[in-house]
Every structure is written in C-alpha cells, then in structure tokens.
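Accompanying notes for the structure given below.
The values are calculated or read from the model by the stated rules, or taken from the named source; none is laboratory data. Note that the structure is predicted; figures quoted are calculated from it, not measured. Cβ atoms come from the backbone with ideal geometry, glycine included; neighbour counts cover every protein chain shown. Surface areas here come from the heavy atoms of the whole protein model, side chains and all, with no ligands, DNA or RNA. Shrake-Rupley method; radii C 1.70, N 1.55, O 1.52, S 1.80 Å.
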Amino acid sequence: MRTEAAKLVTFRLGDDLFAADIFAVERVLRYQPPTVVPDMPSWIEGVIEYQQRVVPVINLRRRFELPDAPVRNETRILVLNSGAEWVGAIVDSVLEVAGIEDGQLSSPPEFFRGLAGEYLKGIVRQSERLVIVLDIGRLLSATERLVLERAASEAALRG
C-alpha cells in the first residue's frame, strides 16, 4: 500500500531541480517584471502586487549564487508562504506537483553546512533525477525578512 507523505511543487533553476512543499506555495504566476526598489540587495528583484498586497520578489538564481539567465516564456514567480508573509520567487520554470512517499526524502549530505544547508529540507529522487527540497520557512533569515518588509513598505508608500 502506497502512502503519500507530502506533495512537492518541482521547479527548475538552470539544470538543477528544486522543490517546495505544496503548502508553502500560495500561487504560481506568469512572470511580470517587478517594480524595482532602490538600495536593496542584488537578489531582491523588486515588488509585485498580488491580491491587493505588495509582495517582495527574490531572484532565486542570485540567492543561490547561480548565473543570471534571460526571462523566457516558462519563467514563473512562485508566491511562497514564508513565515506569516508572502514572498515571490523567480524560477526558470515550474514542472509538476508530485507526491512523495514516507521515507523517500533523504537528509541533506553532511557537506551541506553553513548558510546553504540551513534552508535545505532534504533530497528526493524523482524520475531518475535528484531534486533539492527547500525549507521555505528558513529560506530567509530574520534580518533578510526585515529588508523585504522595508522594500514592500517603501513600494507601498510610492504606490
């Protein structure tokens, strides 16, 4: 008997596959250029309006120190539940929602230490590929959350 422990939204950044728990993903939006907010870290792309709220948008490629890529038809913004706030995340494409079974999620290897290891929930094999599962709640530090809140507040004041 198969028992699904969780459902994951799988997305692509470059050649790598990542996933987030389906309950951490509020919505998948077609890419729209975010409104730039000055004096923000380079990985903060700007803000968008979603459901009458100003939502800060991060560029996951830059956040993970991957090279920039042009926006394509498949580029999406994932609206993520990060803590009690929504945060948009630009990804190259969204592939699927797939269930994983109990025990299929492996802990990250020991060499994933430091900042990067903090926001990894684990690794799972899907369709002969390894998928890095992110812990969305830990994707941003408390300090980074304050920066994003400031970006959203400044954009709302300008709006």
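Simple spin-label estimate for R30 and R125 gives 3.9 nm between the two label positions (7 Å along the Cα-to-Cβ direction from each Cα). Ordering of 39-49, 97-107 by packing is 39-49, 97-107, highest average first (other Cβ atoms within 10 Å, averaged per residue).
Helix 142-158 axis versus longest C-alpha principal axis of the chain: approximately 40°, rounded to the nearest ten. Once the C-beta distance of R53 and V97 is scaled by a Förster radius of 25 Å, the resulting FRET efficiency is 0.55 to the nearest 0.05.
When exposed loop sites are taken as trypsin sites (Lys or Arg not before Pro) in a DSSP loop with at most 14 other Cβ atoms within 10 Å, the longest stretch of the chain clear of them is 3-71. The modelled label-to-label distance for the pair W43/E85, using points 7 Å beyond Cα in the direction of Cβ, is 1.4 nm. Given their separation in residues at 0.36 nm each and the Cα-Cα distance between them, K7 and A69 gain 19.5 nm when the chain is fully extended.
Take the alpha carbon gyration tensor of the chain, find the square roots of its eigenvalues, order them as a ≥ b ≥ c, and report rounded if a/c is under 1.5; if not, report prolate when a/b exceeds b/c, else oblate. Verdict is prolate for the chain. The residues of the chain present an accessible area of 58 Å² per residue when probed at 1.4 Å with all protein chains retained.
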